[in-house]
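Have a look at the structure below, then the notes.
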Amino acid sequence: MTRLRRYDDAGQAFPIYITVVAGLLFLAFAFLAVGQAAANRNGAQTAADAAALAAALDTRDKLTDKWVENILDPTKWQDIFDGGGVNFDGCARADELAAQNDATRLGCQALAGLPPGYTVEVRTNKTVGDSIVPGVEGKQSTETATAVIDSVCRPEPPGEDANADVLPKLTCKGGVEWNLDPDDLTDLPGPEDLFDVHLAKANDE
């Protein structure tokens, strides 16, 4: 009789074991689904960040070229450092970087004001994939990022008698000073010396 009770106990425990294992498997798949969705969102955010930065960097380089063109006219420097004088047409670069990160650009808007920049929205090309969560298999993630162009240089205000023979000193980030000689313009600050391009935090937008 004792031996039969042991068999009965084992028989009763088996369904419980199956239920517990099934529950654990369900939880594992649920966590996997959450992880897949999070990875998809992270991919979308990475693509949005890269696209916004690419657009801003493209315009930063144009601003630097514009400054070099007008280097002998210091009265135009501040306007250029504030984002003036060039077309904000960096969205083509945003398209390229979004595509490189397996995403598609949905929107790209140039930002007026100071600091200028871009807000870019992208959507992942990949979906979340197979999941035990109903309705998410074909879901794509959409994220937005903003990148701004900050001038890190401050030109001395040109005097009333400003001319191309004497250029004002340019003081940049970290106290770096550029004493520009109009007769020798071979050593000029580069884009990275004049502007800082970075992602804007949510409360900065």
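If you stretched the chain out fully between ASP89 and LYS173, how much longer would it get, using 0.36 nm times the residue separation minus the C-alpha to C-alpha distance? Intermediate results must be reported in sequence, preceding the final value.
Details: separation 84, 0.36 × 84 = 30.24 nm, distance 2.66 nm.
Full extension from ASP89 to LYS173 adds 27.6 nm.
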What lysines could a cross-link reach from LYS76, if we take a straight Cα to Cα line under 18 Å and drop same-chain neighbours fewer than 8 places away? LYS62, LYS66, LYS169
Would you list which lysines come within 16 Å of LYS126, measuring only between C-alpha atoms, while excluding same-chain residues fewer than 8 positions from it? LYS139
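Computed from the coordinates by the stated procedures, all read-outs in this text should not be read as laboratory data. Keep in mind that what you see is a predicted model, and the values were worked out from it rather than measured.
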